[in-house]
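The structure appears below as structure tokens.
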Amino acid sequence: FLYDQEAVPNSYFYASRRLFLVAALWMSPDLTDVIKMMYLPRYFTINHFINSLGLDEEKLQNEIENLNVKLYQEYDKNQILKSHDFIEFYNHIKTQIIQNSKKEYEGLLIKLRSLDIMHKNLAVVDIGWIGNMQKCFEMIIQKAGLPINITGYYLGVDPSSENQKICKMRGYLYQKNKNEKLYYKGRFIEPIYELFFMAPHGSALYYEIKN
């Protein structure tokens with residue numbers, strides 16, 4: 001056991017995959033890059049896509065009606081960049097995505113600057129899998145010029161994740177070149193792991209700037 005004075009300093013920071021993703025979207029808003037940054041199931045709806053981008057479908061009614069968009073029509077993630085209708089819809093809402101992303105980015109920066117993490121090596125601890133959340137977090141701090149070095153520590157990292165090439169991350173159970181067979185055996189029960197580690201207060205959405 002460690003004495004208190006030897007314990008690693010830590011902070012519980014309210015964050016989520018959605019919070020970091022939305023705040024980073026404006027830096028790389030082309031649809032190809034956005035799809036790579038997001039976590040999307042194999043089949044998803046426009047409604048799911050809109051919510052994941054941090055937008056309110058009620059504020060997009062003109063675009064939805066003018067383009068005859070069906071909110072609950074399913075799209076295949078692997079074919080989405082070949083869908084003319086989907087690309088047209090995205091291009092119509094792209095400006096709103098960027099505007100909202102910048103607003104949430106500014107709110108997040110105020111929160112980050114209020115924490116005692118500047119000029120430090122920061123360990124991010126989470127359940128894991130692909131590492132998109134850490135990638136977006138690093139995009140944000142680099143864009144803002146914040147002096148923070150991040151290493152991610154996870155239960156496991158998907159061995160096929162490209163984020164391992166650009167982010168420092170470690171998987172306790174598995175990662176690329178470490179227990180890869182274990183990942184392929186256990187990936188179908190990942191939702192159960194996530195359920196066990198779910199925070200009782202729900203997911204953080206964004207940090208709002210108030211006067």
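Worth a mention:
- Looking at the chain, the DSSP beta bridges with both ends there are about 25 percent antiparallel.
- Summed residue charge, Cβ within 12 Å of Ala123's Cβ, Lys/Arg positive, Asp/Glu negative: +2
- Fully extending the segment from His92 to Lys210 would add 39.6 nm, taking 0.36 nm per residue of separation and subtracting the current Cα-Cα distance.
- Taking the protein heavy atoms of the chain in the context of the full set of protein chains, the accessible area attributed to carbon and sulfur is 51 percent at 1.4 Å.
- Hull shadow area, averaged, segment 11-130 [alpha-carbon convex hull, nm²]: 8.5
- Extension gain for Leu81-Glu57 works out to 6.5 nm (0.36 nm per residue, less the C-alpha to C-alpha distance).
- Other residues lying with their Cβ under 13 Å from the Cβ of Ala23 contribute a combined charge of +3, Lys and Arg counting +1, Asp and Glu -1.
- Here the peptides 40-47, 188-195 are ranked by packing, the mean other Cβ count within 10 Å, and the order with the highest first is 40-47, 188-195.
- Dividing the convex hull volume of the alpha carbon atoms of the chain by its residue count gives 162 Å³ per residue.
- The simple Förster model, with R0 at 22 Å and r as the Cβ-Cβ distance, assigns Ser160 and Phe196 a FRET efficiency of 0.40.
- Local net charge near Ile35, Cβ-Cβ under 14 Å (Lys/Arg +1, Asp/Glu -1): +2
- Efficiency of FRET from Cβ geometry, Tyr14 and Lys178, R₀ 25 Å, rounded to 0.05: 0.25
- Among 89-101, 14-26, sorting by the average number of other beta carbon atoms lying within 10 angstrom of each residue, highest first, gives 14-26, 89-101.
- Long-range amide H partners of Tyr172 with built H, under 5 Å: Tyr154, Leu155, Gly156
- Mean accessible surface per residue for the chain, computed with a 1.4 Å probe while every protein chain stays in place, in Å²: 64
- With a threshold of 24 Å on the Cα-Cα distance, the over-threshold entries among Lys143/Lys165; Lys103/Lys176; Lys94/Lys165 are Lys103/Lys176; Lys94/Lys165.
The values are calculated or read from the model by the stated rules, or taken from the named source; none is laboratory data. Model, not experiment: these values are computed from the prediction. So basically every Cβ, Gly included, is an ideal-geometry build from the backbone, and we count neighbours across all protein chains shown. Side chains are part of the model used for accessible areas, which takes the heavy atoms of the whole protein and leaves out ligands, DNA and RNA. Shrake-Rupley method; radii C 1.70, N 1.55, O 1.52, S 1.80 Å.
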